[in-house]
């Protein structure tokens with residue numbers, strides 16, 4: 001379960017300029033997972049197995065304008081909208097080539113609840129949705145699975161990383177997603193999750209980000 005917690009020495013750091021090259025090429029979205037280490041935020045691998053009480057946040061940027069909606073299915077199966085909402089920020093418009101923080105307020109997400117996978121759904125729409133994003137038809141990962149370290153990654157880097165965590169396409173296409181959502185490409189670049197589409201996105205697109213935790 002992701003719970004809200006007060007931030008520690010947080011800066012808003014919204015709408016920071018990014019290189020102009022992000023406006024070129026196919027439609028592209030990037031997600032960076034950060035964990036609070038003492039008083040400093042550090043970027044971690046998208047598949048890093050988190051511990052109870054860890055405080056995390058996301059960084060998000062894209063090369064096209066739109067509106068961002070983030071929802072979560074906890075390890076207990078509860079479905080909850082994370083962003084936008086009062087605790088995390090109400091302004092969910094995103095502009096091309098700018099950097100955003102989720103939550104956009106001084107709150108952070110705190111890891112709690114049974115071990116497993118939090119399934120965080122990211123929906124990006126070219127226009128503002130009049131209704132809340134619909135819940136996916138079924139959880140993308142069984143709630144009784146326990147994250148496990150990838151031995152290859154552990155030996156190479158010393159990190160406890162679950163290769164089944166991080167950004168993934170939906171197992172069952174969501175009705176709110178367009179056909180283009182099924183053609184998304186998922187890659188990792190230096191601890192950054194990159195989701196791209198070779199064709200322009202003309203409608204809402206949705207994908208998942210699995211957070212593994214003990």
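The values are calculated or read from the model by the stated rules, or taken from the named source; none is laboratory data. Since this is a predicted model, take the numbers as computed values, not measurements. Methodologically, a virtual Cβ is constructed for each residue, glycine included, from the backbone with ideal geometry; neighbour enumeration extends over all protein chains shown.
Before moving on, here are some points about what is shown:
- Residue within segment 27-50 that is out of contact with any helix residue (DSSP H, G or I) (no Cβ under 8 Å at 6 or more places or on another chain), modelled with pLDDT of 55 or more, surrounded by fewer than 16 Cβ atoms within 10 Å (Cβ to Cβ) and not in a strand (DSSP E or B) present: yes
- If the condition is being closer than 22 Å to residue 193 by Cα and modelled with pLDDT under 85, then segment 99-139 contributes 126, 136, 139.
- Taken over segment 140-175, the residue count meeting the criterion of being modelled with pLDDT under 85, under 12 Å from residue 117 (Cα atoms) and either surrounded by fewer than 19 Cβ atoms within 10 Å (Cβ to Cβ) or touching a helix residue (DSSP H, G or I) at 6+ places or on another chain (Cβ under 9 Å) (or both) is 5.
- For segment 76-121, the set of residues classified as in contact (Cβ under 8 Å) with a residue 24 or more places away in the chain and on the phi > 0 side of the Ramachandran plot consists of 77, 97, 113, 116, listed by residue number.
- Test: residue in segment 79-88 that is farther than 30 Å from residue 145 by Cα and either part of a strand (DSSP E or B) or modelled with pLDDT of 90 or more (or both): no
- Checking residue 201 against (1) more than 17 Å from residue 31 (Cα to Cα); (2) out of contact with any helix residue (DSSP H, G or I) (no Cβ under 8 Å at 6 or more places or on another chain); (3) modelled with pLDDT under 85, the condition it does not meet: (2)
- The set of residues in segment 65-78 being surrounded by fewer than 19 Cβ atoms within 10 Å (Cβ to Cβ) and either under 19 Å from residue 204 (Cβ atoms) or at pLDDT 90 or above (or both) consists of 65, 67.
- Residues that are surrounded by fewer than 20 Cβ atoms within 10 Å (Cβ to Cβ) and assigned to a strand (DSSP E or B) within segment 95-106 comprise 98, 99, listed in sequence order.
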